[in-house]
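Asker: Pasting in a structure now, in structure tokens, and then I'll have a few things to ask.
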Amino acid sequence: MPDVLRQIGTIARALDSISNREFQQLALSKGQYLYLVRICEQPGIIADRLAAQLQVDRTTAARAIQKLVTQGLVEKRAAINNRKNKALFPTVLGQQRAQVIERENQYSNQVALTDLTATEAEQLTHLLTKVSQRVTADWQTVKAGQSRPY
């Protein structure tokens, strides 16, 4: 069986390194861009849902979110349906920075898919979605305190 996870990991680490380096000019520290973009895409999202989407623990998400708040990129407001939860919203500055991040993402996608036909790109997307769903299911199992049967 081919070791596709090694290739996926290499791609993910390379793109993350590029992003972290390029986004230093936006005063975003390691990985903060992921949080900011998701908050811009889903204004009003709560931290627990954001952590689950990014597949990180609550503490990691809370630290990253607090840094974004301190930098004036995100603001917290009491959630409408549960006042204990804080809904996250991008500020104008956060939205501006997210636009730069989105342009970088589009460029990275373009570079990554160079030399693939439209059909191949769709097939790749479909297959990666299937792989992601399987890995996410395992992540949820382990996060719930269970072990995987290997």
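Asker: Could you check region 84-99 and list, in sequence order, the residues that are surrounded by 15 or more Cβ atoms within 10 Å (Cβ to Cβ), out of contact with any Gly (no Cβ under 8 Å at 6 or more places or on another chain) and either in a loop (DSSP other than H, G, I, E, B) or not small (Gly, Ala, Ser) (or both)?
Answerer: Once the filter is applied, which keeps residues that are surrounded by 15 or more Cβ atoms within 10 Å (Cβ to Cβ), out of contact with any Gly (no Cβ under 8 Å at 6 or more places or on another chain) and either in a loop (DSSP other than H, G, I, E, B) or not small (Gly, Ala, Ser) (or both), region 84-99 yields Asn85, Lys86, Pro90, Gln95, Arg97.
Asker: Let me ask another. Checking Val111 against (1) in contact with a Phe, Trp or Tyr (Cβ under 8 Å, 6 or more places away or on another chain); (2) of a type outside the set (S, T, N, Q); (3) loosely packed, with under 12 Cβ neighbours inside 10 Å, which test does it fail?
Answerer: Going through the list (1) in contact with a Phe, Trp or Tyr (Cβ under 8 Å, 6 or more places away or on another chain); (2) of a type outside the set (S, T, N, Q); (3) loosely packed, with under 12 Cβ neighbours inside 10 Å, Val111 breaks only (1).
Asker: In region 69-104, what residues are touching a Lys or Arg at 6+ places or on another chain (Cβ under 6 Å), among the basic types (Lys, Arg) and touching a residue at least 40 places away in the same chain (Cβ under 8 Å)?
Answerer: Lys86
Asker: Name every residue in region 79-95 that is within 11 Å of Leu36 (Cα to Cα) and of a type outside the set (A, V, I, L, M, F, W, C), in order of residue number.
Answerer: Pro90, Thr91, Gly94, Gln95, listed by residue number.
Asker: Using beta carbons and a limit of 9 Å, which pairs, at least six apart or on different chains, have the first residue in region 105-130 and closer than 15 Å to Ala14 by Cα and in contact (Cβ under 8 Å) with a residue 40 or more places away in the chain and the second one in a helix (DSSP H, G or I) and among the small types (Gly, Ala, Ser)?
Answerer: Correct list of pairs: Asn105/Ser19; Ser108/Ser19.
Any read-out appearing in this document is the output of simple, stated calculations on the displayed coordinates, not a laboratory observation. The shown structure was predicted, so the numbers you read here are calculated from the model rather than taken from an experiment. We place every Cβ from the backbone using ideal geometry, glycine too, and count neighbours over all the protein chains shown.
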